[in-house]
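One structure is given here, and the rest of the page talks about it.
The values are calculated or read from the model by the stated rules, or taken from the named source; none is laboratory data. Predicted model, so just to flag it, every value in this text is computed and none were measured. Every residue, glycine among them, receives a Cβ derived from its backbone with ideal geometry; neighbour counts consider all protein chains shown.
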Amino acid sequence: MRYLGKRDIWSHDKRALSPIFATVLLATIIIIFGSVAYYYSTNLTTTATNNYVNTLSNSQQAIAERISFENIVYTPSNVTLKVYIINSGIANAVKINSVFLYDASHNIVGVYSVTPSQISVMQTIDGGVAISGNSLNVGKEAYFNVFNVQLAAGPPLTSGSIYSIQLTTQRGSTFDYEFTP
């Protein structure tokens, strides 16, 4: 009887290697796909969590915003509204994004935004100095002008009629006030 060494056993029975290689290959594939799935899901949940935190933070700031109207003056000769406001909330850096004007029947009279310069820079009440960054901090008063304020048909606002103004901030808060020119 001849002694078979390890080398001889391996060389005679080639079928024994096939299940070992298959098992190692399968384990490697599972580990690679598992790692890819783990990193993908981790990235996905991290992104979702960061978006949620940012949205929640912006919502908290928007809830903390409060704008109080002090007065609105309409000048028909140059069709301009001068809007006096105060930041009466607890959020700093409140910025006006747009102004909507409605008539007594709540029909829209005009939409004005900061981008095409339909709204002037906010200025301090006591000296008319432009406010840095156009943002109003807590307890501060300011005014800004809304230019070319007239009815959709073209004539100026009617004296004695009731109009509503709605300010929208960059964080999405809205504030309404009724006035008569």
Scanning segment 83-105 residue by residue, those over 27 Å from the mean Cα position of the chain (by Cα) and either under 17 Å from T174 (Cβ atoms) or touching a residue at least 24 places away in the same chain (Cβ under 8 Å) (or both) turn out to be D103, A104
Please determine, by comparing only the residues of segment 130-175 that are under 24 Å from R66 (Cα atoms) and surrounded by fewer than 12 Cβ atoms within 10 Å (Cβ to Cβ), which one is modelled with the highest pLDDT. G139
Counting only residues that are of a type in the set (S, T, Y) and on the phi < 0 side of the Ramachandran plot, which one in segment 101-118 is surrounded by the most Cβ atoms within 10 Å (Cβ to Cβ)? Y112
Inside segment 26-55, the number of residues satisfying the requirement of being more than 30 Å from Q170 (Cα to Cα) and either among the small types (G, A, S) or at pLDDT below 90 (or both) is 5
How about segment 128-157: which of its residues are closer than 23 Å to G89 by Cα and without any contact (Cβ under 8 Å) to a residue 24 or more places away in the chain? G128, V129, A130, I131, S132
Considering residues of segment 59-74 that are surrounded by fewer than 16 Cβ atoms within 10 Å (Cβ to Cβ) and farther than 19 Å from S164 by Cβ only, the residue modelled with the highest pLDDT: A64
